[in-house]
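The values are calculated or read from the model by the stated rules, or taken from the named source; none is laboratory data. Small disclaimer: the values here were computed from a predicted structure and weren't measured. Don't worry about glycine lacking a Cβ; one is built from the backbone with ideal geometry, like all the others, and counts go over all protein chains shown.
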């Protein structure tokens, strides 16, 4: 079945959460960077599993276990196809992006030695900073950081100066959760590979906005979370090139990741099961597969164009506000508008907007080093999805003006 013509209203009709009111106001949901709402088909899939197919997978010979196993592994193949991985064996189910990055930091990290260098950027989420700091403490590796400009763009000259044969891994965000910057990952990956470094892409903010082709990108790892891409919480994906995953030791021990266990030694299961110890989030994986199938039913190019139009529209209006400063003005950005307003704390603005039915995110967005770079405590962040509209932005702008009047008074 081909994709349906893009219609914002037809899409909105499939998201029950968008129909509700808060504080007597129609909900306007501009916190998609934190988590996305779920279409009815995903909610139905979760209900179907728990009501009728609930069983553990892989080890059961009975009917329900076979049904659950089939649905779980079909979800893996659906995700493989969506990100264009070579094999379903390259798709590892995790708890989310954070868990996926920690898996790489621990397991790939075991292949590193003292003095090896890990490169990240100044715009990373804490989830792509702290695991590497822990690895450096454990193994004696060296963490280096690519700086950014005040516009929120990577310093590409500094990147090339930092890159060397000592660089064993370059871990960077595909799209900044705070700035909306879309990094030029294709060329960055190519340059990192020239010195023999592997590359991990944090795809938590790109999987829902861009067409992802891991083979074309030639990244070595790609991580994302289900709840950011209209699926359940507590489920995510680590893609890794098969030949690299084969060399990596298991991340956790337990059931399903083993081939044979004796008290003397254990041999490990094949990919992808080597990295999936214990009973997984079965419903979450199946629900994520359903979310990806939902995306496959849409005209994703039109959806991306709509999101970009919303971003430019909102930013264009906010640029006219006296005392308002947009944080993140990269030439190539999408879906996020972060800002501060002189003499007004982001938390106060967020609270007043909430009372008017508008959900935004306030704070440091798990990017404290980035906030330090800009010399601010945090921002108000409006982040859009393809179900948002210009009319919602107009309502948001009017609510922001009212909030500024209250705080100014």
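May I ask you to say which residue of 372, 342 is within 30 Å of residue 130 (Cα to Cα) and surrounded by fewer than 16 Cβ atoms within 10 Å (Cβ to Cβ)?
So the residue among 372, 342 that is within 30 Å of residue 130 (Cα to Cα) and surrounded by fewer than 16 Cβ atoms within 10 Å (Cβ to Cβ) is 372.
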When residues of segment 333-345 are filtered for being assigned to a strand (DSSP E or B) and out of contact with any strand residue (DSSP E or B) (no Cβ under 6 Å at 6 or more places or on another chain), how many remain? 1
Within the set of pairs 6 or more residues apart or between chains, which connect a residue that is in the same structural domain as residue 353 (by TED's automatic domain parsing) and assigned to a strand (DSSP E or B) inside segment 13-30 to a residue that is surrounded by 15 or more Cβ atoms within 10 Å (Cβ to Cβ) and at pLDDT below 95 with Cβ atoms less than 7 Å apart? none
Of 55, 85, 114, 51, which residue is outside the structural domain of residue 354 (by TED's automatic domain parsing) and not in a loop (DSSP other than H, G, I, E, B)? 51
Of all residues in segment 235-255, count the ones that are closer than 21 Å to residue 79 by Cα and either touching a strand residue (DSSP E or B) at 6+ places or on another chain (Cβ under 9 Å) or in contact (Cβ under 8 Å) with a residue 40 or more places away in the chain (or both). 10
Residue within segment 141-148 that is under 19 Å from residue 330 (Cα atoms) and assigned to a loop (DSSP other than H, G, I, E, B) present: yes
Might you check whether a residue that is more than 30 Å from residue 298 (Cα to Cα) and in contact with a strand residue (DSSP E or B) (Cβ under 7 Å, 6 or more places away or on another chain) occurs anywhere in segment 37-44? no
Among the residues that make up segment 87-94, is at least one of them farther than 28 Å from residue 269 by Cα, touching a residue at least 12 places away in the same chain (Cβ under 8 Å) and either surrounded by fewer than 23 Cβ atoms within 10 Å (Cβ to Cβ) or in contact with a strand residue (DSSP E or B) (Cβ under 9 Å, 6 or more places away or on another chain) (or both)? no
Return the residues of segment 95-106 that are surrounded by fewer than 21 Cβ atoms within 10 Å (Cβ to Cβ) and farther than 30 Å from residue 298 by Cβ; say none if nothing qualifies. 106
Residue list for segment 260-286, restricted to those being under 13 Å from residue 95 (Cα atoms) and buried (at least 22 other Cβ atoms within 10 Å of the Cβ): 275, 276, 282, 283, 284, 285
Checking the conditions here, which among 314, 330, 305 is part of a loop (DSSP other than H, G, I, E, B), outside the structural domain of residue 181 (by TED's automatic domain parsing), over 18 Å from the mean Cα position of the chain (by Cα) and at pLDDT 95 or above? 330
From 171, 223, 204, 216, residue being in contact (Cβ under 8 Å) with a residue 24 or more places away in the chain, under 30 Å from residue 17 (Cα atoms) and not in a loop (DSSP other than H, G, I, E, B): 223
